[in-house]
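The values are calculated or read from the model by the stated rules, or taken from the named source; none is laboratory data. All figures in this text were calculated on a predicted structure; none of them were measured in a lab. As a convention, Cβ positions derive from the backbone with ideal geometry for all residues, glycine included, and neighbour counts pool all protein chains shown. SASA here: full protein model, heavy atoms, side chains in, ligands and nucleic acids out. Shrake-Rupley method; radii C 1.70, N 1.55, O 1.52, S 1.80 Å.
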Amino acid sequence: MYKVLRVICNFFIFIYCKIVYRAKIVGTENIPKTGAIIFCANHKSFLDPPLLEVTCKRKDVRFVAKEELTKNKFLAFLGKVFDVILVKRNDKDFGPMKESLKTLKEGKCLAIFPEGTRNGIKKGLKPKTGVAYFALNSNATVIPVGIKGGEKRSRHRQSPHRQSRNNLPS
């Protein structure tokens with residue numbers, strides 16, 4: 001049942017990303033069709049995981065995500081549909097690490113956002129080392145993914161011609 005729901009969700013996510021955000025995808029020809037892959041992506045928006053899911057050209061991707069997402073019933077449901085590996089932040093539970101390695105050893109894909117949160121680098125956080133750990137312990141191919149755009153716009157942002165004199169640099 002979840003496989004069918006995943007296909008349906010992917011269809012609607014793809015349409016949404018293409019029509020609403022006019023997503024432009026570059027480089028998918030470089031993604032191997034088989035074998036273990038770690039997608040290592042920056043994380044700027046809540047749309048990054050669904051966008052990566054529908055554009056990576058692989059149907060066997062599992063995401064590593066924070067367990068707090070399951071507090072929202074809809075996100076908890078999507079976590080089941082997309083077979084997400086949930087991680088408790090700052091916890092020494094090795095279960096998610098073992099599950100991630102198992103996924104890679106089965107020749108499937110793992111998607112990780114090493115910033116650990118949206119805009120982690122911008123917030124001054126150091127990237128997590130999980131990608132290196134999984135790559136060294138699984139011989140998976142690491143595919144760097146750069147995601148551009150998708151940030152929230154500030155409602156209060158003024159265009160340059162409408163800024164008050166006090167806000168202009170002197």
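A few remarks follow.
- Out of V61, V4, one residue alone is open to solvent by 30 Å² or more (accessible area, probe 1.4 Å) and within 11 Å of F82 (Cα to Cα). It is V4.
- Counting only helices (runs of 4 or more DSSP H) that sit completely within region 35-111, those holding 1 or more residues that are modelled with pLDDT under 90 and closer than 21 Å to K3 by Cα correspond to 48-55, 73-81.
- Residues in region 112-129 that are under 20 Å from D93 (Cβ atoms) and either modelled with pLDDT under 75 or assigned to a loop (DSSP other than H, G, I, E, B) (or both): F113, P114, G116, T117, K128, T129.
- Sole residue being of a type in the set (F, W, Y), more than 14 Å from the chain's Cα centre (by Cα) and open to solvent by 30 Å² or more (accessible area, probe 1.4 Å), chosen from F46, F14: F14
- The lone criterion from (1) outside any helix (DSSP H, G or I); (2) free of Cβ contacts under 8 Å to residues at least 24 places away in the same chain; (3) closer than 19 Å to I147 by Cα left unmet by K18 is number (1).
- Residues considered: I19, I13. Of these, the only one that is farther than 26 Å from L101 by Cα and in contact with a helix residue (DSSP H, G or I) (Cβ under 9 Å, 6 or more places away or on another chain) is I13.
- Unique match (being within 14 Å of V145 (Cβ to Cβ) and surrounded by 16 or more Cβ atoms within 10 Å (Cβ to Cβ)) among L104, L51, L86: L51
- Taking residues in region 68-97 that are over 16 Å from P114 (Cα atoms), and partners anywhere that are in a loop (DSSP other than H, G, I, E, B) and open to solvent by 100 Å² or more (accessible area, probe 1.4 Å), the pairs with Cβ atoms closer than 8 Å and at least 6 places apart or on different chains are E68/R89.
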